[in-house]
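Contents: one structure, followed by commentary.
The values are calculated or read from the model by the stated rules, or taken from the named source; none is laboratory data. Just so you know, these numbers come straight off a predicted model, no measurement behind them. Ideal geometry is used to build each Cβ from the backbone, glycine not excepted, and the neighbour counts take in all protein chains shown. With ligands, DNA and RNA removed, areas are computed over all heavy atoms of the protein, side chains included. Shrake-Rupley method; radii C 1.70, N 1.55, O 1.52, S 1.80 Å.
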Amino acid sequence: MITGWRHPARLVVLAFLAATAAGTALLMLPVAAESGQATGLMTALFAAVSGISGTGLAVVDFASHWSVFGEVVMLLLFQIGGLGIMTLASVLALLISHRLGLHLQLTVKTETNTLNLGQVRRVVLGVVLISLVVEAVGAVALFLRFWLGYGESFGRALYSGVFHSMSAFNSVGLALYPDSLMRYATDPWVCLPIAAVAVTGGLGFPVLFEFLRRNRRRWSLHTKITVPVYLGLMAFGALVVLVVEWGRAGTLGPYGVGDKLLIGLFHGVMPGTSGFNTVDIAQLQPATLLVNDVLMFIGGGSAGTTGGIRVTTFALLAFVLMAEVRAEPSVHAMGRRLGAEVQRQAVTVALLGVGVVMAATLILLATTPFRLDDVLFETTSAFGGVGMSTGITPKLPMTGQLVIIVLMFIGRVGPITLVSALALRERRRRYELPEERPIVG
């Protein structure tokens, strides 16, 4: 039994806290700000948590407040949060000693959600390699567009390409422009590469590993569930945006049919991935905001760079619901039976997520003058690690900012990991009590 802070789940939490503290200290330096003046503790802390959690919410304008040094610090936080603190620690251990200790393997297993302890070494190297390759491909595509299509200098185009590719893959959604990507709303050569990179990161590393095997017959149940459900949710989001916002003057109304389709597709992808926007979020209809709330709460694939309860959790709950409606004694999915432990984990993650988001929403409603639509969107975005906002983030009081910081941290670390980290010790029930069924419904 592993107790104390040697528990892998607790070490993951501790590592993220340490990285957040380091990032906060660096961002508070005068050299990190464009003005040359030290940034306040709360602003720096908010930015560090937003970066390491892959959320992208900000209380100051990212492009104008931070200097190049500050932006590079944020890039490092993006990458650390995306790869995982313990994954990076494992890479260092491999380089130094060419082997992994059992305790470190257990810690990485918690961070990466790998299923086979013996595969941790290969998983760690695979995570790093996939991340760098995908980010490099996206950076090259964006660099060429910025350089050749918009006449930016070679250095500026290269920096923009790298920054936005890393921001997309690690589910951050921060851009170097005050309007996010609204200036590129009708440019498929910018929007589609960013969407593709974001989806790749959002699928999760276990799915990407199985894609590389190129043998669909050997796909695990996890991949068979994640891919269609994730794509289906994105298609549903795009459809809602197109139907609800088609003629709205503040959103899709001024654009032609082709541009509307591009914007609708982009905004169908973003709630479950990185959270860039090409239209003003504050102008979206309440129905669109509500659907985005749902998609952000669900998030992306397990062991990916997104937050939320994850696509697999959502799908498992649907399978449990269908089995109960059909009065089936066990839950089946795609030719496999789901164990009781997996069902309990899905219910736990979902209910904890609902509770956390609702509690944060109530606090913000009680301490701020904003509407329910805006507040719920903000809290769900923070929990889901998306970073889209209706514009209320900079206007939040200190209490509200602290609430969002906690939400971003929980959304990245994960409810199960956080609960495991806070538990005093692992327990096993040595006996069972008599069974009795209360009335349900």
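Please label the shape of the stretch 359-408 as rounded, prolate or oblate, based on the square roots a ≥ b ≥ c of the eigenvalues of the alpha-carbon gyration tensor (a/c under 1.5 means rounded; beyond that, a/b larger than b/c means prolate, else oblate). Note, shape of the stretch 359-408 comes out rounded.
The H on the amide N of VAL331, modeled in the peptide plane, is under 5 Å from the matching H of LEU338, each at least 5 residues off or on a different chain.
Each Cα pair under 8 Å and six or more residues apart adds its separation to the average, and for the chain the resulting relative contact order is 18 percent.
Suppose we flag trypsin sites (Lys or Arg not before Pro) only when DSSP calls them loop and at most 10 other Cβ atoms lie within 10 Å. Which is the longest uninterrupted stretch of the chain?
Result for the longest clean stretch: 100-213.
Each residue of the stretch 153-170 was assigned a 3J(HN,Hα) from its phi angle through the Karplus curve 6.51 cos²θ - 1.76 cosθ + 1.60 (θ = phi - 60°); the sequence is 4, 4, x, 5, 5, 5, 5, 5, x, 5, 4, 6, 5, 5, 5, 6, 5, 8 Hz, with glycine and proline shown as x.
Over all distinct Cα-Cα pairs of the stretch 273-377, the Kirkwood formula returns a hydrodynamic radius of 15.8 Å. Taking amide hydrogens as placed 1.01 Å from N in the peptide plane, the amide H of TRP66 sits under 5 Å from those of GLU34, each at least 5 positions away in sequence or on another chain. When a/c reaches 1.5 or more, the comparison of a/b and b/c decides; with that in mind, is the stretch 113-252 rounded, prolate or oblate per its Cα gyration tensor? Oblate is the answer for the stretch 113-252, as a/c is 1.5 or above yet b/c matches or exceeds a/b.
Note on THR390: accessible area approximately 20 square angstrom, rounded to 10, probe 1.4 Å, nucleic acids and ligands left out. Pairwise Cα separations in the chain fall into 10 Å bins from 0 onward with the following percentages, short to long: 4, 21, 32, 27, 12, 3, 1, 0.
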